[in-house]
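J.: Questions regarding the structure given below will be posed in turn.
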Amino acid sequence: QVQLVESGGGLVQAGGSSRLSCAASGTIFSINPLAMAWFRQGPGKQRELVASITSGGSTNFTDSVKGRFTISRDNAKNTMYLQMNSLKPEDTGVYYCNVGYLVSGTYYSHNYWGQGTQVTVSS
């Protein structure tokens with residue numbers, strides 16, 4: 001079993017910054033070097049992959065956040081972070097933490113999700 005708890009977010013003005021954290025726990029982390037990722041779901045939109053990071057620190061970002069968002073993780077603490085800068089109203093949504101794996105650069109989700117944390121960017 002895996003437990004994921006997101007924190008951070010809230011209301012931010014456009015152009016501002018916010019940092020999300022995801023604390024992960026569960027025996028699976030002691031066995032497998034899992035990749036982790038942030039997804040988001042905006043109002044009326046499907047959930048989308050925002051950024052992923054391997055246990056070795058390799059990262060990928062969706063095009064709309066490249067250059068603005070940074071993903072990182074502390075393997076010793078099983079914690080992942082998302083630093084979001086130059087936020088735009090279209091970044092508004094519920095942000096979810098996820099664990100998964102990569103195959104040939106493509107991220108695949110395990111069915112473990114946090115409860116999500118709301119990020120609202122006002123114009």
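The values are calculated or read from the model by the stated rules, or taken from the named source; none is laboratory data. Owing to the predicted nature of the structure, the values given are computational and were not obtained by experimental measurement. Virtual Cβ from ideal backbone geometry, glycine too; neighbours counted across all protein chains shown. The accessibility values were calculated without ligands, DNA or RNA, using every heavy atom of the protein model including side chains. Shrake-Rupley method; radii C 1.70, N 1.55, O 1.52, S 1.80 Å.
J.: Ordering Thr92, Thr106 from largest to smallest accessible area (1.4 angstrom probe), what's the sequence?
T.: Highest to lowest solvent-accessible surface, that is Thr106, Thr92.
J.: Same structure, new question: Once label points are set 7 Å from the Cα along Cα→Cβ at both Asn75 and Thr59, what is their separation, rounded to one decimal in nm?
T.: Rounded to a tenth, the inter-label distance reads 1.7 nm.
J.: Multiplying the sequence separation of Ser7 and Arg19 by 0.36 nm and subtracting their Cα-Cα distance, what value in nm do you get?
T.: 3.5 nm
J.: Under the rule that an exposed site lies in a DSSP loop and has at most 12 other Cβ atoms within 10 Å, name the longest stretch of the chain with no trypsin sites (Lys or Arg not before Pro) of that kind, not counting the sites themselves.
T.: Value returned for the longest uninterrupted segment is 78-123.
J.: Can you classify region 1-83 as rounded, prolate or oblate using the Cα gyration tensor, where a ≥ b ≥ c are the square roots of its eigenvalues, rounded means a/c under 1.5, and otherwise it's prolate if a/b beats b/c and oblate if not?
T.: Prolate shape, in that a/c is at least 1.5 and a/b is the bigger ratio.
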